Amino acid sequence: MITKPVTTRSVLGAGAGAGVGVGVGVGARAWRLAAGLVVPGMIALLAPAGVCADVFKYVDQHGNVFFSDEPLTGSGLKLEWKRTATRLAAQNREQSASLRRKQVEINARLAARLETKTATAALYEQRPAEPVSGSMWVRRMRYQPLIERAARRHGLVPELLHAVIRTESAYKPNALSHAGACGLMQLMPGTAERFRVTEIWDPEQNIEGGAAYLRFLLDLFDNDLRLALAGYNAGEGAVKRYGNQIPPYPETQNYVRKVLQFLWTEEESRQS
């Protein structure tokens, strides 16, 4: 709380029942502020137009703050600083500009977050409504040409893509996980955007995006398939956080084992 300016010889100090005698010159102005309170415009009040006055800041033993345009005397008062009003006004302007910039940045982040949420909600609404037809074997054969093309493009074996798709979606193109992953290779919207997938529910684009992500992960982790699969499930950041090891998440550890088992089955099937 700010008391009104004082032009008499004394100002009563802070604290119920506690008095601090504060001596000010006649015509001098002093303001008392509650501890820690910052008041924009205080400098303008203390420095009339056209006058470059000094400003004094004092603190008493109760933590109350006094500003004055002349020195104050009194027991229990400690001078914290003395500055020109011009300098303080400039600092006030800089702080105000910094606060405005921060608010603009916060508003921009909030707007981007809202836009992303809206776009994601719209994306989920585009999920194919028709039921998936055929057995898993029939669905596998349906997407095999797309899988083989994507594997060749990204230097992968088709068996790896088959193993990942079987684990992720069981070849269901409209699969949607509780975390929001979409399609055959269960791409998150952010991952899809990162690998230039514009239609996440389109089987060809979904497989292409998943294959590109796997290639990226294999390159990132020196062709360590186990780490690449862990990154596909939990994100490459999680693998890095645990020192380039499979994160200790039961879901991720089970995922890696399952994909490797399906990969072994795929390779055995091709050789037979």
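Since every read-out is calculated from the coordinates, none of them should be taken as a lab result. Since the model is a prediction, treat every value here as computed from it, not as a measurement. Please note: Cβ atoms are built from the backbone with ideal geometry, for glycine as well, and neighbour counts cover all protein chains shown.
Working note: Cα atoms of the range 136-271, range along each principal axis, descending, whole Å: 40, 36, 27. For the range 165-266, applying the loop criterion from DSSP together with a ceiling of 14 other beta carbons within 10 Å to the GluC sites (Glu not before Pro) yields Glu199.
Rounded to the nearest 0.05, the FRET efficiency derived from the C-beta distance between Val138 and Ala111 at R0 = 35 Å is 0.15. Structural descriptor for the range 136-271: relative contact order 20 percent, calculated from alpha carbon pairs under 8 angstrom and at least 6 residues apart. In terms of its C-alpha gyration tensor, the range 142-202 has an oblate overall shape, because the principal axis ratio a/c (a ≥ b ≥ c, square roots of the eigenvalues) is not below 1.5 and a/b does not outweigh b/c.
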